[in-house]
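The next block holds one structure in the form of structure tokens; read it before the comments.
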């Protein structure tokens, strides 16, 4: 289990011009009363400007980590920094630059969406009251909630509540957004909108730490990924590195399965799996072009040939030893 | 070299805004939250209903009896409307006022925790001591509003029904209406100090739980038990230490000259209670894991 983390460390270390990190942690650990370790010595490294997918099944420690990052929960051991400031010492200085959605939206039910945002803005000592209404209107517009701004929060649908939570995170220009399951409860259209919003923000230079249990979400919008499993960060790297790290398989579509398998075996390919009308194999150190040449040379009738697209799900199953159920 | 070791040595270009001048914006928002909530307005309505009921009951009945265990003001209500306000405060002091203060103070932190807004306030960020300070200030302002409202409604309606005139103090001396009103204001101030201590207890209890109703019940229960213990003469040794013991001493403000010894002890007791429980609330809340 150490190799993926080591690979990441290498990636960070090898970066010729290490850009700043928006989030770093060192040995961050939370042991709750009762002895249960929710988060176990994790070393996060979220580069500035990244869209970092914080991926893991429900109960793997993502939310506890986020609560620690924001200073809501004290780490048992370890430390961390946000935007170059230590938490909790520098929290008052750096947290205004951080927009957060933690474990779902939470607002006063009897206030309207707009009044709830006013309330949060009033609590922010760095917020300019003169621009409050304009910023609120802008944030509501950004999440498509302008029409429901005057409606009481208690009458909001789950999707509208989620949008209001994101609007709250966008009340100020932020350098870092920490979004915990931002597409929870949204319909497919809303999910698309939120993902495109996150991508837009990231394009504008905002670093995004996005926790999710959806692999597809990570594949669609993230540049980096950290994988949590039972409180441990079992992998962390750029998404492309993680893909490249995984063993490449090739697929040969042919009626002559035995003949093709013999050729592949001769070239040193392993784990040859014959299917009904094709077979797949681990490429290993062989070159794709050499395989094609050999197949042609051996007169194997080939209908199609190519690398098998890397399925991240397989990667994560390998890393975590299980699928995306609920961690115990 | 681990990831942690490779933490950036160069500081990020943190362009984070600095806090503006101290402003009452958060406090005003807090007050809007309290006074904009229908539940609280209904509670204030109940508090206001008592002087109204007293005024009309006295006006349309011939029975003249003393008003409960405190200084008897009802009998004087017909002579001067001012006493309706005093009678209402006396009647509401054992239960209604503590209930109102308990509901607001117990809701302060536990209410935010129960709906989950606490985590967003803290992440905004609001410093925890600042949150407690604003919450407690709002509780005090609510207490002032509640006490003054009872007095104003009582005096206003009382004077409308019975007129104003010289006020006969408990010591028998007569003073002018203006002097009477001043004494009533002193009574209100004293009650705010007493109830403010209860508010501090409520704020502390509020940091212990995520259930505002449970916290409210605990605080009201405490006030009631304190009064029960205070009524048992066998327990007179502990009476001076009970949080409610000096509450009814406000009658001393209606003597001529004002008897200050009990009042002073009452203010002292309230300040000590407030100091202890505000410190406890801070100690509890400053390092608390917010998992709601």
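Here residue A:139 meets each of (1) more than 21 Å from residue A:199 (Cα to Cα); (2) surrounded by 22 or more Cβ atoms within 10 Å (Cβ to Cβ); (3) more than 8 Å from chain B (Cβ to nearest Cβ) with one exception, condition (1). Looking only at region A:254-277, decide whether some residue is modelled with pLDDT of 90 or more and either part of a strand (DSSP E or B) or within 22 Å of the chain's Cα centre (by Cα) (or both). Looking through region A:254-277, none of the residues is modelled with pLDDT of 90 or more and either part of a strand (DSSP E or B) or within 22 Å of the chain's Cα centre (by Cα) (or both). Any residue at all in region A:106-129 that's within 23 Å of the chain's Cα centre (by Cα) and either touching a residue at least 12 places away in the same chain (Cβ under 8 Å) or in a loop (DSSP other than H, G, I, E, B) (or both)? Within region A:106-129, one or more residues are within 23 Å of the chain's Cα centre (by Cα) and either touching a residue at least 12 places away in the same chain (Cβ under 8 Å) or in a loop (DSSP other than H, G, I, E, B) (or both).
Scanning region B:182-214 for residues that are within 21 Å of residue B:247 (Cα to Cα) and surrounded by fewer than 18 Cβ atoms within 10 Å (Cβ to Cβ) returns B:182, B:185, B:186, B:189.
For region A:217-232, the condition holds for no residue, the condition being that it is exposed (fewer than 15 other Cβ atoms within 10 Å of the Cβ), assigned by TED's automatic domain parsing to the domain that holds residue A:82 and closer than 30 Å to residue A:38 by Cβ.
Filter region A:81-105 down to the residues that are at the interface with chain B (Cβ under 7 Å from one of its Cβ atoms), under 17 Å from residue A:170 (Cβ atoms) and not in a loop (DSSP other than H, G, I, E, B) and list them by number. Hits for region A:81-105 are A:95, A:96, A:97, A:100.
Yes/no matrix, rows are residues, columns are (1) modelled with pLDDT of 95 or more; (2) out of contact with any helix residue (DSSP H, G or I) (no Cβ under 6 Å at 6 or more places or on another chain):
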site: A:52; (1), (2): yes, yes
site: A:59; (1), (2): no, yes
site: A:67; (1), (2): yes, yes
site: A:72; (1), (2): yes, no
site: A:88; (1), (2): no, yes
site: A:91; (1), (2): no, yes
site: A:100; (1), (2): yes, no
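The single residue among A:304, A:262, A:293 that is surrounded by fewer than 16 Cβ atoms within 10 Å (Cβ to Cβ), more than 30 Å from residue A:61 (Cα to Cα) and touching a residue at least 40 places away in the same chain (Cβ under 8 Å) turns out to be A:304. Against the definition (modelled with pLDDT of 95 or more and touching a helix residue (DSSP H, G or I) at 6+ places or on another chain (Cβ under 9 Å)), how does residue B:264 come out, yes or no? Here the answer is no, as residue B:264 does not meet what is asked. The conditions are (1) in a helix (DSSP H, G or I); (2) within 15 Å of residue B:195 (Cβ to Cβ), and residue B:215 fails exactly one of them. Which is it? Single failed check for residue B:215: (2).
Rundown of residues vs (1) closer than 22 Å to residue B:136 by Cα; (2) without any contact (Cβ under 8 Å) to a residue 40 or more places away in the chain; (3) within 18 Å of the chain's Cα centre (by Cα); (4) not in a helix (DSSP H, G or I), yes/no style:
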site: B:201; (1), (2), (3), (4): yes, no, yes, no
site: B:209; (1), (2), (3), (4): yes, no, no, yes
site: B:221; (1), (2), (3), (4): yes, yes, yes, no
site: B:227; (1), (2), (3), (4): no, no, yes, no
site: B:240; (1), (2), (3), (4): no, yes, no, no
site: B:243; (1), (2), (3), (4): yes, no, yes, yes
site: B:253; (1), (2), (3), (4): no, no, no, no
site: B:256; (1), (2), (3), (4): no, no, no, yes
site: B:262; (1), (2), (3), (4): no, yes, no, no
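Entry remark, region A:233-248: residues being within 14 Å of the chain's Cα centre (by Cα) and exposed (fewer than 15 other Cβ atoms within 10 Å of the Cβ) number 1 in total. Within region B:132-168, the set of residues being crowded, with 17+ Cβ neighbours inside 10 Å and part of a loop (DSSP other than H, G, I, E, B) comprises B:164 only.
The number of residues in region A:198-216 that are in contact (Cβ under 8 Å) with a residue 24 or more places away in the chain and out of contact with any helix residue (DSSP H, G or I) (no Cβ under 7 Å at 6 or more places or on another chain) comes to 8. All of (1) at pLDDT 80 or above; (2) touching a helix residue (DSSP H, G or I) at 6+ places or on another chain (Cβ under 8 Å) hold for residue A:304 with one exception: (2). For region B:232-259, the set of residues classified as within 15 Å of residue B:186 (Cβ to Cβ) and in contact with a helix residue (DSSP H, G or I) (Cβ under 7 Å, 6 or more places away or on another chain) consists of B:246, B:247, B:249, B:250, B:252, B:253, B:254, B:258, B:259, listed by residue number.
Within region A:211-229, the set of residues being assigned to a loop (DSSP other than H, G, I, E, B) and either closer than 23 Å to residue A:188 by Cβ or modelled with pLDDT under 90 (or both) comprises A:213, A:214, A:222.
So that you can scan it fast, the table gives a plain yes or no per residue for (1) in a strand (DSSP E or B); (2) more than 8 Å from chain B (Cβ to nearest Cβ); (3) in contact (Cβ under 8 Å) with a residue 12 or more places away in the chain; (4) touching a strand residue (DSSP E or B) at 6+ places or on another chain (Cβ under 7 Å):
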{"site": "A:23", "(1), (2), (3), (4)": "yes, yes, yes, yes"}
{"site": "A:27", "(1), (2), (3), (4)": "yes, no, yes, yes"}
{"site": "A:33", "(1), (2), (3), (4)": "no, yes, no, no"}
{"site": "A:41", "(1), (2), (3), (4)": "yes, yes, yes, yes"}
{"site": "A:49", "(1), (2), (3), (4)": "no, yes, yes, yes"}
{"site": "A:66", "(1), (2), (3), (4)": "no, yes, yes, yes"}
{"site": "A:71", "(1), (2), (3), (4)": "no, no, yes, no"}
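Filtered by the rule that a residue be surrounded by fewer than 21 Cβ atoms within 10 Å (Cβ to Cβ) and touching a helix residue (DSSP H, G or I) at 6+ places or on another chain (Cβ under 8 Å), region B:106-116 gives a lone residue, B:114. The condition of being surrounded by 14 or more Cβ atoms within 10 Å (Cβ to Cβ), without any contact (Cβ under 8 Å) to a residue 60 or more places away in the chain and not assigned by TED's automatic domain parsing to the domain that holds residue A:26 does not hold for residue A:255.
The values are calculated or read from the model by the stated rules, or taken from the named source; none is laboratory data. Bear in mind the structure is a predicted one, so any value in this text is a computation, not a measurement. Positions of Cβ are backbone-derived with ideal geometry, glycine not excepted, and every protein chain shown enters the neighbour counts.
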